[in-house]
Protein chains: 2
Amino acid sequence: MALIYSEKAAKMLLEKGIKPSPIRLKVLTFLLKNPTHPTADEIYQELQKEILTLSKTSVYNALSLFLRLNLVKSVNIDEKETRYDANIEEHGHFQCLSCKQIYDFFHVPRLEEKEELNDFMIKEKRYYYYGLCPECQQKEENNEKFNWNKNS
Amino acid sequence: MALIYSEKAAKMLLEKGIKPSPIRLKVLTFLLKNPTHPTADEIYQELQKEILTLSKTSVYNALSLFLRLNLVKSVNIDEKETRYDANIEEHGHFQCLSCKQIYDFFHVPRLEEKEELNDFMIKEKRYYYYGLCPECQQKEENNEKFNWNKNS
DNA sequence: TTCATTTTTGTAATGATTACAGTGATAGTA
DNA sequence: TACTATCACTGTAATCATTACAAAAATGAA
Ligand SMILES: [Mn+2]
Ligand SMILES: [Mn+2]
Ligand SMILES: [Zn+2]
Ligand SMILES: [Zn+2]
């Protein structure tokens, strides 16, 4: 399984005509293996366990190269830090306002923009939704029940 | 006209139960008058011309208060800095990758998310599009023509 | 006035990202 | 093997938007 991902990473890099250097391979493999929209720092922290001498600049270097080559996409749903996604197919992101977790959704259909954007050349569409995930809705209900008991 | 906007700003603040202090009024009036999605710094630079002692912290204070009260919305289409929008009706934003200008669009209908997000409580939807505005498409065409002439 | 509360200011800290210069590895060539 | 050019990688410093915090100023009721 680990082999598959790193082989896929190597192939992706070669297809774009860039050398699959050790760090590039590690970063891209990590993104393929972890479709959880990690931040640059999360990637760095994880890979540092293996590559003791890793520098954060190298992670940023790899990531901005991948972005330029359209191997990965950046996700700016969390306004603090940029996240990275090796799934480049068009899909939307939902972030839970309570637990901050990010979920993918893939039915992002026919936005019928009508005439409004007819003269604009649209190259990329991003869908960011915010709300409460099922688990956090549950928690909130329990809290309300608890508070109601206390106040009565 | 200026009067109208500042009166509207005052009313909006009073309706939310907060005091329409001078700076809050100025910031909110500015946002109502300038639906161009200004950054905190742009607001600061403009208002500073009138209020010589204005501090940037005050602008941020006002803006985060407005966000909390849902008087304005933040727009994070430009990954560098947050922009602010006094138009809180649901609408999307398009940013031109060349001239960086931001355009509103309002036909953002029925995203038919199907079952996928059924169990999620969606509180806000953001639509960020990127591409080329009509003017910049034109410029690009001209450049191509120019380069073609040069190379032939 | 007095005093508490709120608003505003100024400066310092934070933290993600970028700039940059130097070091190390690699590969081709003589 | 030595030389050299290019590229990958590292470490540190700079940048810059935003936030934290404490002090000063304004407000407004008693
Ligand atoms: Mn995703
Ligand atoms: Mn808008
Ligand atoms: Zn949640
Ligand atoms: Zn443009």
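Could you sort A:THR82, B:THR57 by accessible area so the largest value comes first, with the probe set to 1.4 Å? Mind showing how you got there, number by number?
Details: A:THR82 50, B:THR57 90 Å².
The ordering from most to least exposed comes out as B:THR57, A:THR82.
Mind checking the full-extension length gain between A:LYS49 and A:ILE18? Use 0.36 nm per residue of separation minus the Cα-Cα distance, one decimal, nm.
Values: separation 31, 0.36 × 31 = 11.16 nm, distance 2.55 nm.
Once the chain is fully extended between A:LYS49 and A:ILE18, it gains 8.6 nm.
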- Message: Could you give the length gained by full extension between B:ASN61 and B:MET121, i.e. 0.36 nm per residue of separation minus their alpha carbon distance, to one decimal place?
- Response: 18.7 nm
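Would you tell me the mean number of C-beta atoms belonging to other protein chains that fall within 10 Å of each C-beta in B:70-82, as a whole number? Let's see the in-between values first.
On the way: counts 0, 0, 0, 0, 1, 0, 5, 3, 1, 4, 0, 0, 1.
Partner Cβ neighbours, averaged per residue: 1.
Counting only other chains, and only Cβ atoms inside 10 Å, what mean value do you get across the residues of B:130-142? Mind dumping the intermediate values first?
On the way: counts 7, 7, 5, 4, 4, 1, 2, 3, 0, 0, 1, 0, 0.
Going residue by residue through B:130-142 and averaging, the value is 3.
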- Task: May I ask for the net charge around B:LEU13, where only other residues with Cβ less than 12 Å from the Cβ of B:LEU13 are counted and Lys, Arg are +1 while Asp, Glu are -1?
- Result: +4
- Note on the structure: Among B:GLN101, B:LEU69, B:LEU14, the residue whose Cα sits farthest towards the positive end of the charge dipole of chain B, when +1 is placed on the Cβ of each Lys and Arg and -1 on the Cβ of each Asp and Glu, is B:LEU14
- Computed over the Cα atoms, what is the radius of gyration of the range B:1-99 divided by 2.2 N^0.38 Å, N being its residue count? 1.05
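Under a Cβ-only charge scheme (Lys and Arg +1, Asp and Glu -1), can you give me the dipole magnitude of the protein assembly as shown about the Cα centre, in debye to the nearest 20? Spell out each step's value before the answer.
Numbers: 44 positive and 46 negative charges, 181 e Å.
Roughly 860 debye, rounded to the nearest 20.
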- Expected 222 nm ellipticity per residue - DSSP helices of 4 or more, -39500 (n - 2.57), all of the protein assembly as shown, to 500: -14000 deg cm²/dmol
- Give or take rounding to whole Å, what are the principal axis extents of the alpha carbon atoms in the protein assembly as shown, in descending order? 72, 63, 42
- Message: I'd like the distance separating the alpha-carbon centroids of the range A:1-63 and the range B:40-104, in whole Å.
- Response: 36
- Across the identical copies, how the B:LYS80 labels are spaced - nm, sorted shortest first, 7 Å along Cα→Cβ: 2.4
- Query: Copy-to-copy spacing for B:THR57, label 7 Å out on the Cα-to-C-beta vector, in nm, shortest first?
  - Reply: 3.5
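Using Cα-Cα distances under 8 Å and only pairs 6 or more residues apart, what relative contact order does chain A have, in percent?
Values: 157 pairs, mean separation 25.5, N = 152.
The normalised contact order for chain A reaches 17 percent.
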- Could you give the nm distance between label points at A:GLU135 and A:ILE88, where each point is 7 Å from its Cα heading toward the beta carbon? 3.1
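What share of the DSSP beta bridges in the protein assembly as shown is antiparallel, in percent to the nearest 5?
On the way: 27 of 35 bridges.
The answer is about 75 percent antiparallel.
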- So, with points 7 Å from each Cα along the Cβ direction, the B:ASN70-A:LEU69 label distance in nm works out to 4.6
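The values are calculated or read from the model by the stated rules, or taken from the named source; none is laboratory data. This is a predicted model, so every value here is computed, not measured. All Cβ positions, glycine included, derive from the backbone under ideal geometry; neighbour counts span all protein chains shown. Only protein heavy atoms, including side chains, enter the accessible area calculation; ligands, DNA and RNA are left aside. Shrake-Rupley method; radii C 1.70, N 1.55, O 1.52, S 1.80 Å.
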